[in-house]
Amino acid sequence: MILYFTGTGNSRDIATRLSEALADNDIVELSGSLLRDKELKAAQPCRAVVWVFPVYSWGVPPVVTDFIKDVRLTGTLAAAHHLVATCGDDAGLTARQWRRLIRRRGWTSASASTVIMPNTYTLMKGFDVDPDELADEKLMASRPRVAEIARRIKDNAVDDDVTKGRFAWFKSNIIYPWFKRFAMSPKPFHATDSCTGCGLCARRCPLGNITMNDDRRPCWGNDCALCLRCYHTCPTAAVQYGKATRGKGRFLNKN
Ligand SMILES: Cc1cc2nc3c(=O)[nH]c(=O)nc-3n(C[C@H](O)[C@H](O)[C@H](O)COP(=O)(O)O)c2cc1C
Ligand code: SF4
Ligand code: SF4
């Protein structure tokens, strides 16, 4: 079984290709009512549960942490759990965090791998999407990488093959908790005058956190994963995050 969470499609792209390479059709997106109810049954008895999600501030996205902690997962009793994390540059100690969560559930954590994908984080000074050529290069390089990871999963690998980057301990143990506490608020989200009221951001939000008001303007609630799907999806680039996103690029994985 392949379980994935995605904002802009990179992790869906990887999960889909893994599903083909592993001939595993039981592929499930963590979104909507599944994230709320946290009740999941494998479609068929499975030997491997593969978790695919983006790295957020050198750690596991809080929405995924909550899901792993509380999900009632059935039909996977003898399964080994594998991680495939997508990141723009480096993952810090995301794999260690994930292993801890999996073991706390009494499950077996096996391999952990990362795939470098186009960057999606734009909400702070100095952070923007990649230039098109770099994004294309990363997407090309992800193809053989997925094949390699599929082989590792088939071979029941149990080790890490991750791009941790420099200062991994500091990034995951100091910046990650700070980020969770102070940099994940949805409050700065707003729509500018270029909003046409199409409602796409509301329909696409994986948490159902956006409602359209009587004037056909999107309103953001508090249940936000900061996945940035609303920001990157808007066809008129009307979604902004305070002043931080002014003039920044947008990216959606076309695969
Ligand atoms: C809130 C947030 C935090 C991020 N933090 C990191 C990070 O610490 N390191 C990194 O390499 N990429 C980081 N990224 C980039 C994403 O991990 C990367 O682009 C990923 O492939 C996006 O996957 P998705 O399209 O499935 O959402 C971050 C993206 C977001 C939205
Ligand atoms: S997707 Fe953009 S244009 Fe459409 S409702 Fe949302 S903010 Fe407005
Ligand atoms: S409101 Fe936007 S950033 Fe927050 S979960 Fe929904 S789509 Fe993602």
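The values are calculated or read from the model by the stated rules, or taken from the named source; none is laboratory data. Just so it is clear, the structure is predicted and the values come from calculations on it, not from any experiment. When we count neighbours, we look across all protein chains shown, and the Cβ atoms used for this are built from the backbone with ideal geometry, even at glycine. Accessible surface areas use protein heavy atoms only, side chains included; no ligands, DNA or RNA. Shrake-Rupley method; radii C 1.70, N 1.55, O 1.52, S 1.80 Å.
Here the translational diffusion coefficient of the stretch 65-121 follows from Stokes-Einstein with Rh set to the Kirkwood radius across Cα pairs; for 4 °C and 1.567 mPa s it amounts to 104 µm²/s. Here the accessible area is traced with a 1.4 Å probe on the protein chains. For the stretch 132-255, carbon and sulfur cover 53 percent of it. Mind scanning K38/K154; K38/K187; K138/K187; K154/K248 and naming the pairs with a C-alpha gap bigger than 30 Å? In this structure, K138/K187; K154/K248 exceed 30 Å between Cα atoms.
The distance from the alpha carbon centre of the stretch 126-181 to that of the stretch 196-255 is 25 Å, rounded to a whole number. Here the stretch 1-76 yields Rg over Rh of 0.94, to two decimals, using C-alpha coordinates and the Kirkwood radius. For the chain, the longest principal axis of the alpha carbon atoms and the long axis of helix 94-104 meet at an angle near 60°.
A straight chain from A21 to R103 at 0.36 nm per residue would run longer than the Cα-Cα distance by 26.9 nm.
For the stretch 28-76, trypsin sites (Lys or Arg not before Pro) are listed when DSSP marks them as loop and at most 15 other Cβ atoms sit within 10 Å of their Cβ; the list is R47.
Per residue, the convex hull spanned by the alpha carbons of the stretch 32-136 comes to 123 Å³. Taking only the Cα atoms of the stretch 103-255, the ratio Rg/Rh comes out at 1.02, with Rh defined as the Kirkwood radius. Between the stretch 25-86 and the stretch 88-124, how far is it from one alpha carbon centroid to the other, in angstrom? Answer, in whole Å: 13. Using the Karplus relation 6.51 cos²θ - 1.76 cosθ + 1.60 with θ = phi - 60°, the per-residue 3J(HN,Hα) values for the stretch 30-42 come to 7, 7, x, 5, 4, 5, 6, 7, 6, 10, 9, 10, 4 Hz, with x marking Gly and Pro.
Size of the stretch 155-207: Rg and Dmax of its alpha carbons, in Å, are 18.7, 53.
Building the convex hull from the alpha-carbon atoms of the stretch 121-164 and averaging its projection over directions returns 4.4 nm². DSSP finds beta bridges in the chain, and of those with both partners inside it, around 20 percent are antiparallel. For a label point 7 angstrom out from the Cα of M184 toward its Cβ, which stretches of the stretch 102-127 have the backbone nitrogen within less than 18 Å? Under 18 Å, as judged by backbone N against the label point of M184, lie 102, 120-124 of the stretch 102-127. Annotation note: chymotrypsin sites (Phe, Trp or Tyr not before Pro) in the stretch 77-171 located in DSSP loop regions with a Cβ neighbour count of at most 14 within 10 Å are F127, F167.
Orientation-averaged projection of the chain equals 13.2 nm² [convex hull of Cα atoms, one quarter of hull surface area].
Helix 10-22 and the longest principal axis of the C-alpha atoms of the chain enclose an angle of approximately 30°.
Cα-Cα pairs above 22 Å in the stretch 176-255: how many percent?
Numbers: 648 of 3160 pairs.
For the stretch 176-255, the share of Cα pairs beyond 22 Å comes to 21 percent.
Please work out the average accessible area per residue across the chain, using the 1.4 Å probe convention, and give it in Å².
Counting only protein heavy atoms, the per-residue value for the chain is 49 Å².
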